[in-house]
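Okay, so here's the structure we're looking at.
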Amino acid sequence: MNKKIEKILVLLTDFLTINLAWLVFFYIRVETGWFELFTQPDVLLPMVVIYFYWLVIFTFVGMYRTWFALSRLDELSTLFKASFVGIFLIFFVILYDDYVREVQSANRFYIFFYWGIFFGIVGIGRLVIRSLQRHLLAGGIGRRNALIVGFNEKANEVHTSVSRFKELGLDIVGYVTANESEIGKEFKNIKVIDVVSNLEKVIDRLNITNIIISLGRNDEDIIVDVIERCGDKNIEIKMVPDLYDIISGQAKIAQLYSFPLIDVMPELMPVWEKKLKRVMDILLSLLLLILTAPVTIVTSILLKLDSPGPVFYRQERSGLNGKPFRILKFRTMYTDAEKHTGPVWSTKDDPRITRVGKFVRKVRLDEIPQAYNVLKGDMSFVGPRPERPFFVEKLSKEIPLYKRRLKVRPGITGWAQVKHKYDETIDDVKVKLRYDLFYIENMSLRMDFKIIFKTVFVVFFGKGHYE
């Protein structure tokens, strides 16, 4: 099913079921005469408000993300948790209202009565739409092409499981291995079609969306190579775990119809946290631009007096998923500083940096204009620092998993920035990459706040590039 059509159907289903749940509750609560009423409540306005309330809740918890061959039990579990949070908030709003009015009310009981009706009706609607999707997948509509890396007994077992359960919506279209000698071998009429070194071409040629890695414990280099080659592509990667990984609890296991697989580099930040992170970005960037307006004016005047050229400097950087954008910074170097050298990193005592620019960099004032990039959505407040496309391509050839940084929105500050100095050598980049990957695998709002507080400490105590 087309993603756009899927979202429209899910939104329409929720619109009908959420409003139906309210009407059923209203009828039982008001029209049956089973419950005592002090006033005649309105039906339409509360229905509109409650619908948009649930729409916001569902959006924050990720109930409108693309659904593909997932368990319907997981769908109901997510709905239960989302509705619990929503009812919990309503409960305390009513509790506060009762406290303010200093009256006793049965409203708190009715809200749980409504929750039962809501969960039942909306749950049925969700099950119907997801069952329809599974039926379409089994019938050949909306299926995805998958590739297995490795040709061995485990790979064949996964292939058998995928072929048996059509509801998964996956079609194994080929095998890729590390050994050219295995090209031409086949299982269930599916052949080994190429080697790992040509993986990108195979992905593009066969329109691959899913990759299952089935390699041994001694093939770590090949596994890293596969992940690296998929770094700038929208590919879902799973890996057949080693028995040791399973019994030792080192692997995060997902079940593919009873066959265990490891999610390779899954996004650990929940959807609601991502949404909240974006809201936080907008608020913080607006606050920063307002509070630093006097600093911006003074810095602009000093930069203009110190050396000829514009106050602000725009430069192309690689953003989320490698999408280029123009970053905005205070100009801290002389105009056309890289005219004769091409793109090069800044160094300590760099002669290209102006006198005022040196101080601006030291206290990180040059980063303030990037709040505008955050407001636009090109950047986040916290994330890996955006790099120029020239260096992204250069470094991705030298450092495995470097492009993994592009899977999250770049930031004004980040874990690498508060833990290490500016990039001067390839070794600096490697060190900072480890910090960036640690942040990506442990992303949370709590960690973002921790990084922001550390950044404030760096700015106020001058622990910048030149110390």
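The values are calculated or read from the model by the stated rules, or taken from the named source; none is laboratory data. Quick caveat: nothing in here was measured; it's all calculated off a predicted structure. Quick reminder, even Gly has a Cβ in these numbers, built from the backbone with ideal geometry, and neighbours come from all protein chains shown.
Brief remarks follow.
- Out of GLN370, GLN315, one residue alone is modelled with pLDDT of 85 or more, polar (S, T, N, Q) and surrounded by fewer than 15 Cβ atoms within 10 Å (Cβ to Cβ). It is GLN315.
- Only residues that are aromatic (Phe, Trp, Tyr) and farther than 22 Å from ASN198 by Cα were counted across region 143-163, and they come to 0.
- Selection of region 424-453 for residues being surrounded by fewer than 17 Cβ atoms within 10 Å (Cβ to Cβ) and acidic (Asp, Glu) yields GLU424, ASP427, ASP428, GLU441.
Here's the yes/no breakdown for (1) touching a helix residue (DSSP H, G or I) at 6+ places or on another chain (Cβ under 7 Å); (2) touching a residue at least 24 places away in the same chain (Cβ under 8 Å):
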position: TRP115; (1), (2): yes, yes
position: PHE119; (1), (2): yes, yes
position: GLY125; (1), (2): yes, yes
position: HIS135; (1), (2): no, no
position: ARG144; (1), (2): no, yes
position: GLU157; (1), (2): no, yes
position: GLU182; (1), (2): no, yes
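- One residue stands out among those in region 70-86 that are surrounded by fewer than 14 Cβ atoms within 10 Å (Cβ to Cβ) and touching a Ser or Thr at 6+ places or on another chain (Cβ under 9 Å): the one that is modelled with the lowest pLDDT, which is SER71.
- Filtered by the rule that a residue be part of a helix (DSSP H, G or I) and surrounded by fewer than 22 Cβ atoms within 10 Å (Cβ to Cβ), region 411-421 gives VAL418, LYS419.
Quick grid of which residues meet (1) out of contact with any Cys (no Cβ under 7 Å at 6 or more places or on another chain); (2) under 14 Å from VAL240 (Cβ atoms); (3) part of a strand (DSSP E or B):
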{"residue": "LEU136", "(1), (2), (3)": "yes, no, no"}
{"residue": "GLY142", "(1), (2), (3)": "yes, no, no"}
{"residue": "LEU147", "(1), (2), (3)": "yes, yes, yes"}
{"residue": "ALA155", "(1), (2), (3)": "yes, yes, no"}
{"residue": "HIS159", "(1), (2), (3)": "yes, yes, no"}
{"residue": "VAL162", "(1), (2), (3)": "yes, yes, no"}
{"residue": "GLU167", "(1), (2), (3)": "yes, no, no"}
{"residue": "VAL192", "(1), (2), (3)": "yes, no, yes"}
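- Taking the criterion of being modelled with pLDDT of 85 or more, buried (at least 17 other Cβ atoms within 10 Å of the Cβ) and under 30 Å from ILE237 (Cα atoms), the residues of region 267-312 that qualify are LYS277, ASP281.
The rows are residues; the columns are (1) within 19 Å of the chain's Cα centre (by Cα); (2) modelled with pLDDT under 80; (3) not in a strand (DSSP E or B).
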| residue | (1), (2), (3) |
| --- | --- |
| LYS394 | no, no, yes |
| LYS397 | no, yes, yes |
| ARG409 | yes, no, yes |
| ASP423 | no, yes, yes |
| ILE440 | yes, no, yes |
| ARG446 | yes, no, yes |
| ILE452 | no, no, yes |
| PHE457 | no, yes, yes |
| GLY464 | no, yes, yes |
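- PHE390 buried (at least 19 other Cβ atoms within 10 Å of the Cβ) and not assigned by TED's automatic domain parsing to the domain that holds CYS230: no
- Across region 304-311, not a single residue is classified as outside any helix (DSSP H, G or I) and within 30 Å of CYS230 (Cβ to Cβ).
- Matching entry among GLY169, GLY184, GLY216 (being buried (at least 17 other Cβ atoms within 10 Å of the Cβ) and small (Gly, Ala, Ser)): GLY169
- Test set (1) touching a residue at least 60 places away in the same chain (Cβ under 8 Å); (2) surrounded by 15 or more Cβ atoms within 10 Å (Cβ to Cβ) - ARG164 fails condition number: (2)
- Against the conditions (1) in contact with a helix residue (DSSP H, G or I) (Cβ under 6 Å, 6 or more places away or on another chain); (2) under 30 Å from MET63 (Cβ atoms), PHE165 satisfies every one except (1).
- Condition check for THR209 on (1) among the hydroxyl-bearing types (Ser, Thr, Tyr); (2) surrounded by 14 or more Cβ atoms within 10 Å (Cβ to Cβ); (3) over 21 Å from ARG404 (Cα atoms): one failure, at (3).
- ILE148 meets all of the listed conditions (1) modelled with pLDDT of 90 or more; (2) surrounded by fewer than 22 Cβ atoms within 10 Å (Cβ to Cβ) but one, namely (2).
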